[in-house]
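Colleague: Before anything else, here's the structure in question.
Quick note: the coordinates plus some simple rules give every number you see, no bench work behind them. All values derive from a computational prediction rather than experimental measurement. Because the Cβ atoms are built from the backbone with ideal geometry, glycine has one as well, and the counts that use them run over all protein chains shown.
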């Protein structure tokens, strides 16, 4: 059963985020790992159930699967008529608990909540492994007319 994270889950959310990042990005340097580990609890404390909603599945008391929905409000446009958008982050299931349908259950609940939260659009970046799941729950490929560009603070 999908549940919402609470403040008592922050330590576990931090560990799940770190596990996800290492699996997704590869081994981090000790400096990166330490900085992220130190910063995440404060981020979760500030953001949890404000603009960041964390969906969990537990087996016994252990969190085995999660996903984050980051809600942002932007100036309205035809692309997001309510101005409210969501970004899905950190869809992660512990390796020993995969292929049990947990990610699908979480995504279905997250999208039901997206309707209730009046989000105009929910977006995510998909790995090859997650692509079919996301299509199955209603995501479509987006071919923007804009180039995705980023600026990085290198200080």
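Colleague: Anyone know which of 142, 24, 113 comes out most mobile in the 10 Å Cα GNM of the chain?
Modeller: Greatest mean-square fluctuation among the candidates belongs to 142.
Colleague: Further question on the same structure: Quick one: compute a quarter of the convex hull surface over the Cα atoms of the chain and quote it in nm².
Modeller: Dividing the Cα hull surface by four gives the mean projection, 10.7 nm².
Colleague: Now a separate question. Out of 34, 130, 83, any idea which swings most in a Gaussian network model of the chain, alpha carbons joined below 10 Å?
Modeller: Taking springs between Cα atoms under 10 Å, the residue moving most is 34.
Colleague: Turning to a different aspect of this structure: Gaussian network model of the chain, Cα springs within a sub-10 Å range: biggest mean-square fluctuation belongs to which of 115, 71, 143?
Modeller: Among 115, 71, 143, the largest GNM mean-square fluctuation belongs to 143.
Colleague: Taking square-rooted eigenvalues a ≥ b ≥ c of the alpha carbon gyration tensor, is segment 75-155 rounded, prolate or oblate, where a/c under 1.5 means rounded and, failing that, a/b exceeding b/c means prolate?
Modeller: Details: a/c = 1.91, a/b = 1.30, b/c = 1.47.
Here segment 75-155 falls in the oblate category.
Colleague: Per 0.36 nm of contour for each residue apart, how much would the distance between residue 141 and residue 51 grow if the chain were fully extended, relative to their Cα-Cα spacing?
Modeller: Extending this stretch completely gives an extra 29.9 nm.
Colleague: When the label point is put 7 Å from the Cα of residue 25 along its Cα-to-beta-carbon vector, which residues of segment 35-66 have a backbone N closer than 17 Å?
Modeller: Those under the cut-off are 35-44.
Colleague: Right, another one. Report the dimensions of segment 20-93 along its three principal axes from the alpha-carbon atoms, largest first, rounded to Å.
Modeller: Sorted from largest, the Cα extents of segment 20-93 read 42, 34, 23 Å.
Colleague: May I ask you to compute the full-extension gain from residue 153 to residue 73, defined as 0.36 nm times their residue separation minus their alpha-carbon distance, rounded to one decimal in nm?
Modeller: Once the chain is fully extended between residue 153 and residue 73, it gains 26.4 nm.
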